[in-house]
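The values are calculated or read from the model by the stated rules, or taken from the named source; none is laboratory data. Everything quoted here is computed from the prediction, not taken from an experiment. All Cβ positions, even for glycine, are placed from backbone atoms using ideal geometry, and neighbour counts span all protein chains on display.
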Amino acid sequence: MLKDNLTNVEQHIKEACERSGRSLSEVCLVAVSKTKPKEMLMEVYDCGIRQFGENYVQEMVDKVESLPKDIAWHMIGHLQRNKVKYVVGRAAMIHSVDSERLAAAISEEAVKKNIVQDILVEVNVAGEENKFGVTCEDASAFIENIAQLKNIRIRGLMTSAPFVDNPEDNRKYFKQLKQLLVDINQKNIDNVCMDVLSMGMTNDYTVAVEEGATHVRVGTAIFGARDYSH
């Protein structure tokens, strides 16, 4: 079942690339594996997937320790400062940086571990009250402020668009985030050259690809509905 699901998702990404004149190599599929058992991750791993996204720190740590070392882990959930030490060095990329204090904590930990941590700035494009992220208006100043921090590399922007029945409803937000990335890059902020747009999930990833997503975070369409019972 998982193999078929994955094939389906990959086919949809391919078609979205064709529609928008993009190369398939520009899009990275992050399999969102939160709450899923390791056996399911290995099934997808055996199909060739090496990028996995986790929302919960403890769960990510457990999986990092016990699954193959060539997996690139993406921390996509809200990250608290007291958990930063567990994530820096384990996550290939932290998608959810939304405050200067969090960025500073990541920087401090990366210096301590003598590594450079790739991060994305989370933007609340639709201005939803229940979502984390900086506003579109504040994003540029926010990036200027954290760009001077040591041992972090700001790779781009991330957003979680509203949950909608019709994916077309989110197209405007994906366009907006893409434009924001272009605008900020044109400011030539020191230490900032962003090339990553992490946007699009199970219900709208094809539209996100059409609008320039470089990373789509797909869980349910690959693994099936989540089990929150434990």
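A Cβ distance below 9 Å, combined with a sequence gap of six or more or placement on separate chains, defines the contacts here; from segment 176-195, residues that are farther than 12 Å from Ala141 by Cβ reach residues that are surrounded by fewer than 18 Cβ atoms within 10 Å (Cβ to Cβ) and of a type in the set (Asp, Glu) in the pairs Leu181/Asp195; Asn185/Asp195; Asp190/Glu144; Val192/Glu144. When Leu149 is tested against (1) assigned to a loop (DSSP other than H, G, I, E, B); (2) within 15 Å of the chain's Cα centre (by Cα), just one condition goes unmet, and that condition is (2). Could you please find all residues in segment 126-146 being assigned to a helix (DSSP H, G or I) and hydrophobic (A, V, I, L, M, F, W, C)? Once the filter is applied, which keeps residues that are assigned to a helix (DSSP H, G or I) and hydrophobic (A, V, I, L, M, F, W, C), segment 126-146 yields Cys136, Ala139, Ala141, Phe142, Ile143, Ile146.
Of all the residues in segment 89-105, those that are within 19 Å of Val196 (Cα to Cα), free of Cβ contacts under 8 Å to residues at least 60 places away in the same chain and aliphatic (A, V, I, L, M) number 5.
Taking the criterion of being closer than 28 Å to Ser25 by Cα, of a type in the set (A, V, I, L, M, F, W, C) and within 14 Å of the chain's Cα centre (by Cα), the residues of segment 37-84 that qualify are Phe52, Ala72, Trp73, Met75, Ile76. Can you tell me which residue in segment 158-192 is nearest to Gly53 (Cα to Cα), limited to those that are part of a helix (DSSP H, G or I) and of a type in the set (Phe, Trp, Tyr)? Result: Phe174.
Would you check if Tyr56 is in contact with a Pro (Cβ under 8 Å, 6 or more places away or on another chain) and either of a type outside the set (S, T, N, Q) or under 30 Å from Asn82 (Cβ atoms) (or both)? No: the conditions fail for Tyr56. Answer yes or no: is there a residue in segment 126-138 that is of a type in the set (Phe, Trp, Tyr), surrounded by 19 or more Cβ atoms within 10 Å (Cβ to Cβ), within 22 Å of His74 (Cβ to Cβ) and at pLDDT 95 or above. No: segment 126-138 contains no residue that is of a type in the set (Phe, Trp, Tyr), surrounded by 19 or more Cβ atoms within 10 Å (Cβ to Cβ), within 22 Å of His74 (Cβ to Cβ) and at pLDDT 95 or above.
One residue stands out among those in segment 139-165 that are of a type in the set (Gly, Ala, Ser) and surrounded by fewer than 19 Cβ atoms within 10 Å (Cβ to Cβ): the one that is nearest to Val182 (Cα to Cα), which is Ser140. Do we find that Gly212 is closer than 25 Å to Ala72 by Cβ, surrounded by fewer than 24 Cβ atoms within 10 Å (Cβ to Cβ) and within 15 Å of the chain's Cα centre (by Cα) in this structure? So Gly212 fits the description; yes. Where helices (runs of 4 or more DSSP H) fall entirely within segment 29-125, those with at least 3 residues that are touching a strand residue (DSSP E or B) at 6+ places or on another chain (Cβ under 9 Å) are at 38-45, 57-66, 100-113.
Would you check if Val116 is over 19 Å from Leu29 (Cα atoms) and touching a residue at least 40 places away in the same chain (Cβ under 8 Å)? Against the criterion (over 19 Å from Leu29 (Cα atoms) and touching a residue at least 40 places away in the same chain (Cβ under 8 Å)), Val116 does not qualify.
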